[in-house]
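The values are calculated or read from the model by the stated rules, or taken from the named source; none is laboratory data. On a predicted model such as this, the values are computed, not experimentally measured, just so you know. Every residue, glycine among them, receives a Cβ derived from its backbone with ideal geometry; neighbour counts consider all protein chains shown.
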Amino acid sequence: MNIKKTKLPEVVVLEPKVFGDERGFLLESYNQKSFEAIGLGRNFVQDNHSRSVRNVLRGLHYQLGQPQGKLVRVVTGAIWDVAVDIRRGSSTFGQWVAEELSAENKRMFWVPEGFAHGFVVISDSADVLYKVTAFYAPSCERSLLWNDPQLGITWPLSGEPVLSQKDRAGIPLSQAEVFE
């Protein structure tokens, strides 16, 4: 597995070894021993699968009290995936990184606990799979405002984003509960 560092040291892009021929391909999307060997040993407790259409923007989500690390990958289509450091004591607090994940490039994005996460679909549709390190806890979930000027995220939208009510109600980082 190839590891690509980002400007946020804890957030990494993983490029699995892909074995392919005229029949198709095989890749190992998760192997506990391999992940432990690269310092990403975690206990994943839940797998999620979402399908969305172009311009659906999901996020920026995080859980306080029951934080989730997320290992994200795309099995059909493409997304632009974003992680925001919301650990107040961090030297990179409020900074973000993004990576295009697609069925074609087969990359995975590791978003650790203490970061908000979101994505926008940049293909006609996308199926996104992600493993999480803690169970979903609605009472712990928070949403940052996707277009918070303080964050300055440049979303690659082709038109207006399609947002849930929860995401429309996201709050700016300056007013958000964050990790201390």
Exactly one of L71, L64 is surrounded by 14 or more Cβ atoms within 10 Å (Cβ to Cβ), of a type in the set (A, V, I, L, M), farther than 18 Å from V128 by Cβ and under 17 Å from the mean Cα position of the chain (by Cα), and that one is L64
Restricting the stretch 27-37 to residues that are over 23 Å from I79 (Cβ atoms) and of a type outside the set (S, T, Y), the one surrounded by the fewest Cβ atoms within 10 Å (Cβ to Cβ) turns out to be K33
Residues located in the stretch 129-156, provided they are assigned to a strand (DSSP E or B) and either surrounded by fewer than 18 Cβ atoms within 10 Å (Cβ to Cβ) or basic (K, R) (or both): L129, K131, E141, R142
Pairs returned, first residue in the stretch 135-164 that is at pLDDT 95 or above, second residue that is in a loop (DSSP other than H, G, I, E, B) and among the charged types (D, E, K, R), beta-carbon separation under 9 angstrom, 6 or more apart or interchain, are R142/E177; V162/R54
Which residue pairs have Cβ atoms closer than 9 Å, lie 6 or more positions apart in sequence or on different chains, and pair a first residue in the stretch 19-40 that is closer than 16 Å to V111 by Cβ with a second residue that is at pLDDT below 90 and among the basic types (K, R)? none
In the list R23, R42, which residue meets the criterion of being of a type outside the set (A, V, I, L, M, F, W, C), at pLDDT 90 or above and surrounded by fewer than 11 Cβ atoms within 10 Å (Cβ to Cβ)? R23
Output the number of the condition that V178 fails; it satisfies all remaining conditions of (1) under 15 Å from the mean Cα position of the chain (by Cα); (2) surrounded by 19 or more Cβ atoms within 10 Å (Cβ to Cβ); (3) among the hydrophobic types (A, V, I, L, M, F, W, C). (1)
Across the stretch 1-18, what is the number of residues that are farther than 21 Å from W80 by Cα and touching a residue at least 40 places away in the same chain (Cβ under 8 Å)? 1
Criterion (polar (S, T, N, Q) and closer than 19 Å to P16 by Cβ) met by exactly one of T76, T133, T92: T76
